[in-house]
Amino acid sequence: MSASRARRRGTAFVVCLLASASPIAGRGAAAAEIPGALIVLDAAPGTPGSEASGAPPRFALLKDGQVFVGGTGRLETGRLEKAEVQALRRGADAVRKAAGAAGTLRLGGDEHRVLRLWLPEEKPGEIAITGDPAAAAPALQPLAAFLAQLLSFDHPSLVSYAPAGYAVAAREGRLVGGCRPWSFGFPITAALRAPQLVPAASAEGWPSGAWPASVCVGDHRYLVTLRPLLPGEQP
């Protein structure tokens, strides 16, 4: 891994840990419904000016070994060897067992920091993790190290991922500066109610990920996000 890439991932990890606690808006239980998913980790992006509704998964591992790594505005994909997949599954299983039937794990430190680990093939399928991995008690440090690995995941096979479509979500709000017109083939009120699917070709020129766009419709201002979708994922 290059020094510049290491710095970028390290910075992203620190920002993520400093994010305030909140579920990833617009995703909910759908994080566990990515086709073929084994492990999905969601974390609020935390970058100033970002919108959680547009954040892709921080980490997602599929059954075929394909892996996705997300950030505020980027999404990369790669492929892992069988032994690497098995090692990650063992780490996730250790977190699941520590969380117990309640599906919660407290690492210590600031409980306003929240991660959500989804294990679609296991029970509980959703695990809420609060606290700071760096503040974990000695008995929890192996679990904290595993979570830190997912948050700053790197692999030689990772390349930029171009999604086939996006989940468009909107809420009323204003950004400093101008705004753009609404250009999608459905009213913005639909995106206010629930995320809407748009193909990548229709989203050209729009910011994506957790970076919002400012949109004007009549006298109203909106913040609009385009969350990149993984293969087979629906909004």
On Cα atoms only, tilt of 82-99 relative to the major axis of the chain in degrees: 90
Choice from 213, 194, 170 with maximal GNM fluctuation in the chain (Cα, 10 Å cutoff): 194
Calculated FRET value between residue 190 and residue 33, using beta carbons and R₀ = 22 Å, to 0.05: 0.60
Angle in degrees between helix 3-18 and the longest Cα principal axis of the chain, rounded to the nearest 10: 90
Cα gyration tensor, region 165-228 - rounded (a/c under 1.5), prolate or oblate: prolate
Residue of 102, 128, 43 that the Gaussian network model of the chain assigns the largest fluctuation, springs spanning Cα pairs under 10 Å: 102
Net +/- balance of residues flanking residue 203 in space, Cβ distance below 14 Å, scoring K and R +1, D and E -1: +1
Mean residue ellipticity (222 nm) of the chain, computed from DSSP H runs ≥ 4 via -39,500 (n - 2.57), nearest 500: -7000 deg cm²/dmol
Net dipole in debye of the chain [+1 Lys, Arg Cβ; -1 Asp, Glu Cβ; about Cα centre; nearest 20]: 220
With at most 14 other Cβ atoms within 10 Å, longest stretch of the chain clear of loop GluC sites (Glu not before Pro) (DSSP): 122-203
Order of 155, 220 - criterion: other Cβ atoms within 10 Å of each residue's Cβ, fewest first: 220, 155
Vicinal HN-Hα couplings computed from phi for region 182-188 (Karplus, 6.51 cos²θ - 1.76 cosθ + 1.60; Hz; Gly/Pro x): 6, 10, 8, x, 8, x, 5
GNM flexibility winner over the chain from 185, 131, 103 (Cα, springs under 10 Å): 185
With Cα atoms, 0 to 90° folded angle of helix 141-151 axis to the chain main axis: 30
Global geometry of the chain, whether rounded, prolate or oblate, following the gyration tensor of its Cα atoms and the 1.5 cut on a/c: prolate
Tensor-based shape of region 54-121 (alpha-carbon gyration tensor, a/c under 1.5 rounded, otherwise prolate or oblate): oblate
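The numbers here are math on the coordinates, done by the rules we state, and not lab data. As the structure is a computational prediction, the values presented were derived from the model and not from experiment. Glycine also receives a Cβ, built like all others from the backbone with ideal geometry; neighbour counts cover every protein chain displayed.
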